[in-house]
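Each remark here refers to the structure printed beneath this line.
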Amino acid sequence: MSKIPFTGVIKILDEKELWKFEVPNSSIYFRIILRTVEKQKIDGTMDKPRKFIVFDRGNSVCALILVRGKPNKFILVRQYRGGSNSYDWELPAGMRDGNEDAMKAVQREVMEETGFQGGLIFKSLKLKLSPGAASERSDVFYVETSMEARTGKGGGRIEEWEDIEVAFVPVKEAIQMVLRGEITSATAVAAILWYAAEYSKI
């Protein structure tokens, strides 16, 4: 144990926007920031100012949705992802619109992607997705619902080029998909394993 209390002091001295792209007719944007930071080192002294390249696109929300039944099932979605160049199993998710409340954002995204409305919503996790280079944080909500709450078709918004497959996967099978490496999205892996640890009797 270190004898020097570490408080992790961070001072942002400057930020410059190097590049920005905004998706037309949406709140989606991507930008690169050059951030100059003076930070405290582990030994308690202040480091000299250093520059960091940061990828910023706002913050996101996602939902681990449990549909009650025999057996209980999770709702997983699958769509093409440009970053991985693959079709990936994920949780229903989306970006917050500026300072939009996270609860409102997750309700909107769940309806758009799955067609479900309402249910018991619990905030479970707050994740930093790639802290070495990206600013994005994701609020992960745990939702319990039933098939009666499905009032829409889901599948995403055509105007945002979304083409989303919706699947109802038994809880035990979803956990095995994580362990087999078939689900690799960070938020989905974290949330499903959180559920497995929190609710071990499934």
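Are there any pairs, at least 6 apart or on different chains, whose C-beta atoms fall under 6 Å, with the first in the range 134-156 and free of Cβ contacts under 8 Å to residues at least 40 places away in the same chain and the second open to solvent by less than 40 Å² (accessible area, probe 1.4 Å) and in a loop (DSSP other than H, G, I, E, B), and if so, which?
These pairs meet every condition: ARG150/GLY115; LYS153/GLY115.
Taking only the range 77-92 into account, find how many residues are more than 13 Å from the chain's Cα centre (by Cα) and either not in a strand (DSSP E or B) or not aromatic (Phe, Trp, Tyr) (or both).
So the count comes out to 10.
Right, PHE30: open to solvent by 40 Å² or more (accessible area, probe 1.4 Å) and either free of Cβ contacts under 8 Å to residues at least 24 places away in the same chain or not hydrophobic (A, V, I, L, M, F, W, C) (or both) or not?
Values: open to solvent by 40 Å² or more (accessible area, probe 1.4 Å): yes; either free of Cβ contacts under 8 Å to residues at least 24 places away in the same chain or not hydrophobic (A, V, I, L, M, F, W, C) (or both): no.
So PHE30 does not fit the description; no.
Which ones in the range 106-128 are in contact with a strand residue (DSSP E or B) (Cβ under 6 Å, 6 or more places away or on another chain), open to solvent by less than 50 Å² (accessible area, probe 1.4 Å) and either modelled with pLDDT under 95 or within 20 Å of ARG150 (Cβ to Cβ) (or both)?
Correct list: VAL106, GLU109, VAL110, GLU113, THR114, GLY115, PHE116, GLY119, ILE121, SER124, LEU125.
The values are calculated or read from the model by the stated rules, or taken from the named source; none is laboratory data. Everything numeric here is computed off the predicted structure, so don't read it as measured data. Virtual Cβ from ideal backbone geometry, glycine too; neighbours counted across all protein chains shown. The protein model used for the area step is the full one, side chains on, heavy atoms only, and it has no ligands, DNA or RNA in it. Shrake-Rupley method; radii C 1.70, N 1.55, O 1.52, S 1.80 Å.
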